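The numbers here are math on the coordinates, done by the rules we state, and not lab data. Bear in mind the structure is a predicted one, so any value in this text is a computation, not a measurement. Neighbour counts run over all protein chains shown; Cβ positions are idealised from the backbone, glycine included.
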Ligand code: UDP
Ligand code: MN
């Protein structure tokens, strides 16, 4: 295993920890050869910290408010930037030469170690506005200088969507045009949301999916699951596309078989 590179995720509360645990387990199942790191904030309970440390090599606590005053001010203007600023702390992991960040609501379906051949800043297009990247999966190089510049950028300009994606897109603003190598194929950040489905493309390319991203307000953990049938409970049967249901079932399968036993 390569010890100076890492897959990194973030969970600021016990609910998102459930996502992080499934993600971490999915990386293990796919024999990831890099370190697994989860960033947490003080709100995460002791129980969840203990469980996270059984799946991740490193559980790193970061503080929402320990940055300089200018960040404080930006934070007060835009309280929803809180989580944004927390994600930016991934640049402080300078004991790693390169990292891949994955949102806690992603699920890895194949080995994706080849992402470490890419350089900062690589990401896949956002399905809603493909000239922007989606910030749920990205390749970056930890650097205290970049971290400082990102916080400065947040203080000076805020974020046009109130979240990390707007901030990162305005910081890495040459992404849409500068270097096609920095455009990750969509299969590395496949949105599993009924609002964003191009069904014929899915039929054609869906089997190549490598990372599924459950973006949007409905997360896998907000569904109910029936362990007897191995499937999630649908509020309105027949409305969700079949592929989406199978990704949800896969998430729950890992949760049920590999995460819940960690609580015993
Ligand atoms: N996140 C978190 N706690 C929160 C909200 C978000 O830890 O209360 C982290 C988590 O890693 C999550 C990421 O920030 O995956 C981005 O948020 P989310 O995935 O909900 O946004 P979406 O992908 O739906 O736009
Ligand atoms: Mn997400």
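Using the Cα atoms as the points, what is the convex hull volume per residue of the range 2-186 in Å³?
Values: hull volume 20.5 nm³, N = 185.
Normalising the Cα hull of the range 2-186 by residue number yields 111 Å³.
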Return one number: the angle in degrees, 0 to 90 and rounded to the nearest 10, between the long axis of the Cα atoms of helix 144-157 and the longest principal axis of the Cα atoms of the chain. 90 degrees
Would you mind checking the tilt of helix 14-29 against the longest principal axis of the Cα atoms of the chain, expressed as 0 to 90 degrees and rounded to 10? 70 degrees
Provide Rg over Rh for the range 83-188; use the alpha carbon set for both Rg and the Kirkwood Rh (inverse mean inverse pair distance). 0.93
C-alpha center-to-center spacing [the range 142-171, the range 216-257] in angstrom: 34 Å
Using all Cα-Cα distances in the range 190-263, what percent lands in each 5 angstrom bin from 0 up to the longest? 3, 14, 27, 25, 17, 10, 3, 1, 0
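On full extension of the chain, what length is gained from residue 224 through residue 49, given 0.36 nm per residue of separation minus the C-alpha to C-alpha distance?
Separation in residues times 0.36 nm, less the Cα-Cα distance, equals 60.6 nm.
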Set the Förster radius R0 to 22 Å, insert the Cβ-Cβ distance between residue 207 and residue 131 as r into 1/(1 + (r/R0)^6), and round the FRET efficiency to 0.05. 0.20
Highest mean first, how do 164-171, 151-158, 246-253 rank when packing is the count of other Cβ atoms within 10 Å averaged over residues? 164-171, 246-253, 151-158
Taking 7 Å along the Cα-to-C-beta vector as the label spot, tell me the residue 152-residue 170 distance in nanometres, rounded to one decimal. 1.6 nm
Would you mind checking the tilt of helix 242-254 against the longest principal axis of the Cα atoms of the chain, expressed as 0 to 90 degrees and rounded to 10? 80 degrees
What are the radius of gyration and Dmax of the range 1-67, computed over its Cα atoms and given in Å? 11.7, 36
Highest GNM mean-square fluctuation among 201, 11, 104, for the chain with Cα springs under 10 Å, belongs to 201
Ellipticity estimate at 222 nm from DSSP helix runs (n ≥ 4, -39,500 (n - 2.57)) divided over the chain, nearest 500: -9500 deg cm²/dmol
